[in-house]
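Everything on this sheet refers to the single structure shown next.
We did not get these values from a lab; they are worked out from the coordinates using the rules stated. Since the model is a prediction, treat every value here as computed from it, not as a measurement. Note: ideal-geometry Cβ built from the backbone for every residue, glycine included; neighbour counts use all protein chains shown.
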Amino acid sequence: MRKRVALLGATGSIGASTTDVLLRHPDRFEPVALSAHRDVAGLVARCRALRPRRAAIADIALLDALAQGLRDAGLATEALAGPAALVALAAADDVDCVVAAIVGAAGLESTLAAARAGKQVLLANKEAIVMAGPLLAAALATGGGTLLPLDSEHNAVFQCLPPGYARDPGRHGIERIVLTASGGPFRGWTAAALAGVTPEQACAHPNWRMGRKISVDCATLMNKGLEVIEAHGLFGLAPERIEVVVHPQSVIHSLVAYRDGSTLAELGNPDMRTAIAAALAWPERIAAGVPALDLIATRRLDFEAVDTDTFRCLGLAYAALRAGGAAPTILNAANEVAVEAFLNGSLRFPGIAAVVERTLAAVSGPAPTELEAVLDADRRARAQALQLIAQS
């Protein structure tokens, strides 16, 4: 029987890579539902390729446009719209596996719904753990579902863990995990040089092809900071046992160090299809369309320490993780607002870290125990960040 897949966030970079893997294995996977935020044309194109039963656009005002686009394409796919439709897609009875690839806080509710419904959740939306890790864990426990990480770094850690690993690092002899960072497009730059960075420069990642928001996060190293928080939630290690090193080649995606002195690493070409295929077929292995790593052509693997004085977002993420409470939610919300402001030209690149830092200092709250508390902390942080940007 084919695994029935819902792909939420179908028009983004993860959605494109997932589509490619699904099309390579029509005998193994049945795409039954797709979603997008506002890209009607992109969603219709994905539907034309995958032929799902249902498609949802998050912006309810675009329902008619989606329905018309599907009709014009000669598709019988049902058109849906709005946040409630995303939740319904994630929890539908005819879905076995949900690829949670909606960017940012917008993907939280549908991810929680998939977990509560007992689905296999393939998580690319790191904000679900950053903002609401305990809620996601509780939803998975309630529904009896499983979670597999799609981030290349966390998927690599997952692959390097021993069979039966269940958030008990000491029992399995794990000393620490090491997340690698390419350093982004500005590795080696000074703080003064970063003052004039443009959105186009920040989105030009040297190794990976990604959306604009995550590309900026990689340039500030906030993406790596969010990954540290995600690693803590996924694997149960204390912050001091989660290390970040710069690895410009992006060949080693993460490492796990054990107390016997062994360090296991996952290596591969920088292509998200590898992690996606590994998660979709787990525990089996299937072709992903990614060439095998050529060690001779690779020639060398370099490592260096992170310049946390220049790239301050990583340190802010560690601080939010250690502070606990609502701090990770606040960090994420402030960062989303600041990145959007940078992309639209109303904030300079160094201002992203400044806005996040000042928002963390101004907004606080206990660890959220309900979704509404998470969303409240998110709203308060966004309002504060917008105020700070308006005053800058």
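Which value, in debye to the nearest 20, describes the size of the charge dipole of the chain about its Cα centre when Lys and Arg Cβ atoms bear +1, Asp and Glu Cβ atoms bear -1, and nothing else is charged?
On the way: 36 positive and 39 negative charges, 79 e Å.
Approximately 380 debye in magnitude.
Each residue of region 354-366 is assigned a 3J(HN,Hα), and the resulting list reads 5, 5, 4, 4, 6, 5, 4, 6, 9, 10, 8, x, x Hz, derived from the Karplus form 6.51 cos²θ - 1.76 cosθ + 1.60 (θ = phi - 60°), x at Gly and Pro.
Fully extending the segment from Asp168 to Ala287 would add 39.7 nm, taking 0.36 nm per residue of separation and subtracting the current Cα-Cα distance.
Note on the chain: Lys pairs 8 or more places apart or on different chains, Cα atoms under 23 Å apart, count 4.
Comparing Cα centroids, region 1-24 and region 121-175 end up 20 angstrom apart.
Compute the distance from the alpha-carbon center of region 302-345 to that of region 188-247, in whole Å. If you average the Cα positions of each part, the centres end up 8 Å apart. Be a star and scan region 161-202 for residues whose amide nitrogen sits under 19 Å from the point 7 Å along the Cα-to-Cβ vector of Ala305. Backbone N within reach: 177-184, 187-191.
Where a ≥ b ≥ c are the square roots of the eigenvalues of the C-alpha gyration tensor, would you call region 188-232 rounded, which needs a/c under 1.5, or, failing that, prolate if a/b is larger than b/c, or oblate? Oblate shape, in that a/c is at least 1.5 and b/c is the bigger or equal ratio. Phi-derived couplings, Karplus 6.51 cos²θ - 1.76 cosθ + 1.60 at θ = phi - 60°, listed residue by residue for region 248-262: x, 6, 6, 8, 8, 8, 5, 9, 10, 9, 10, 5, 7, x, 6 Hz, with x used for Gly and Pro.
Per-peptide packing, taken as the mean over residues of other Cβ atoms within 10 Å, places 370-379, 281-290 in the sequence 370-379, 281-290 from highest down.
Of the labelled figures [x] 38; [y] 51; [z] 42, only one reflects percent of Cα pairs over 30 Å apart as derived from the coordinates, namely [x].
Model label points for Leu343 and Thr298, set 7 angstrom from Cα along the Cα-to-Cβ axis, are 3.2 nm apart.
For region 324-392, what is the relative contact order in percent, using Cα pairs closer than 8 Å and at least 6 residues apart in sequence?
The value is 48 percent.
Length gained on full extension, Ala76 to Ala195: 37.8 nm, using 0.36 nm per residue less the C-alpha separation. In the chain, a dipole from Cβ-located charges (positive for Lys and Arg, negative for Asp and Glu) runs towards its positive end, and of Val5, Met272, Ala193 it is Val5 whose Cα lies farthest in that direction.
3J(HN,Hα) along region 128-144: 4, 7, 4, 7, 9, x, x, 5, 5, 4, 5, 5, 5, 5, 5, x, x Hz, from the Karplus curve 6.51 cos²θ - 1.76 cosθ + 1.60 with θ = phi - 60°, whole Hz, x for Gly and Pro.
Taking 0.36 nm per residue of sequence separation and removing the Cα-Cα distance, the Ser262/Thr146 pair yields an extension gain of 38.9 nm.
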